[in-house]
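This report concerns only the one structure given below.
The values are calculated or read from the model by the stated rules, or taken from the named source; none is laboratory data. The structure displayed is predicted, hence computed values, not measured ones. Don't worry about glycine lacking a Cβ; one is built from the backbone with ideal geometry, like all the others, and counts go over all protein chains shown.
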Amino acid sequence: MKHLALTLFFAAMATVSFAQKSSVTDAHNAYKRYVPLVGDLETNKTALTEAKAAIDLAAVNTETANALDMHKYRGMVYYGLMETAAIEAAMSGKEVDTALLSSYERVVKASFLTVLNAPKGKGEKTEVREFLNQKTTFYFNNGLAMFNAKKYAEATMMFLGAYKISLIINEPYNDASVNAKLSFVRAVDTMMKTKSYAEADKLGNIVCESLPKDIDVLISLINLNLQKNDMAATEKYLNEATSMDTTNKSLYVVLGTSLMELGQNERAEQAFLKALKIDPFYSDAIYQYCTFMFNWSKDISNATSDLNLKDPNIPAMQKQAADIMKRIPMYFDPYLEKNPEDKTALDIGWKVYYILEDEDKYKALKARYEAIK
């Protein structure tokens with residue numbers, strides 16, 4: 001996942017310092033030889049090393065320590081150091097040094113905010129904003145290109161990069177955040193189909209760190225770990241999600257649906273019931289729960305037909321199927337009473353009462369169902 005390693009640098013941005021007025025100029029001249037992302041790596045490293053040495057001198061010199069142009073170039077130089085460190089790690093296949101990049105981020109943020117929060121310095125403010133806008137636009141547009149190419153993991157990291165850059169000056173790029181989440185969900189879905197669980201976990205950890213306590217991200221991770229049958233991780237993310245919003249009924253519907261697909265019927269039923277406890281008239285929960293229970297009951301009944309007529313398990317299986325079907329009306333009837341024209345519910349209802357051999361209710365519900373165009 002070299003593309004992921006390449007974009008890890010977005011989790012950290014940096015900053016630099018200068019010495020004297022001549023040191024600011026020296027740093028600027030050295031920085032001009034830096035060609036971001038596409039230039040020769042060694043040439044870029046040499047240019048940034050010289051720029052860093054000069055700007056560090058300026059940062060501790062009393063004449064230039066508070067100068068806005070010093071802070072402007074300091075942020076730019078250290079941002080370049082962060083870029084080259086990440087690219088070098090990606091090219092070598094090694095893990096990026098996140099501690100180093102975090103130290104760069106702190107400096108970049110401090111210097112750029114110094115410029116932007118200063119009472120004067122219109123020119124420096126404009127240059128800083130143009131610099132950051134150029135960076136966010138680059139990664140955002142690449143994120144779009146990756147997304148359109150269905151390279152969702154790479155798109156996730158690109159959008160995260162644009163979002164993290166915007167946080168340098170505490171102005172979150174919300175479109176980038178939204179696109180990162182959408183790309184992540186698509187990426188996890190794709191990885192689950194190919195059973196690329198390790199890659200999905202790695203991407204999930206990065207996204208969780210960058211977008212903590214996001215319900216959409218957590219739901220995707222719940223689904224991932226359900227498919228892996230990692231119930232410990234599932235419970236971890238579920239507890240985190242529900243602690244954020246104890247009234248999130250849709251979360252339990254998602255969980256119930258995932259458990260149902262994994263064949264964990266007892267746990268699926270309990271998840272759906274938690275959603276219904278929050279809101280007994282939540283249509284999605286009613287549809288999913290009643291349909292699930294109906295199919296579960298039918299599957300057990302159908303399984304008995306494959307057994308020998310004298311099989312001693314048949315009576316118990318028939319009783320279990322009947323008990324499951326009988327649990328549906330407890331939640332279905334109050335919902336239908338409140339929503340008498342709900343055609344989906346009527347369709348479910350007449351089928352349930354047909355199996356329960358309640359002819360009056362079966363005929364009444366079917367007639368109402370067929371009467372709705």
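Brief remarks follow.
- Going through (1) under 24 Å from Ser177 (Cα atoms); (2) in contact (Cβ under 8 Å) with a residue 12 or more places away in the chain; (3) aliphatic (A, V, I, L, M); (4) not in a loop (DSSP other than H, G, I, E, B) one by one, Ala99 falls short only on (2).
- Criterion: surrounded by fewer than 17 Cβ atoms within 10 Å (Cβ to Cβ) and in the same structural domain as Leu255 (by TED's automatic domain parsing) - qualifying residue of Glu337, Glu269: Glu337
- Near pairs, Cβ below 8 angstrom, 6+ apart or cross-chain, from the range 204-230 (assigned to a loop (DSSP other than H, G, I, E, B)) to any residue that is polar (S, T, N, Q): Leu211/Ser177
- Taking the range 249-306 and the helices (runs of 4 or more DSSP H) fully enclosed by it, no element has 2 or more residues that are modelled with pLDDT under 95, over 16 Å from Gln320 (Cα atoms) and touching a strand residue (DSSP E or B) at 6+ places or on another chain (Cβ under 6 Å).
- Odd one out for Ala65, checked against (1) among the aliphatic types (A, V, I, L, M); (2) assigned to a helix (DSSP H, G or I); (3) in contact with a Ser or Thr (Cβ under 9 Å, 6 or more places away or on another chain): (2)
- Condition check for Tyr287: within 26 Å of Glu357 (Cα to Cα) and either surrounded by 14 or more Cβ atoms within 10 Å (Cβ to Cβ) or touching a Lys or Arg at 6+ places or on another chain (Cβ under 8 Å) (or both): yes
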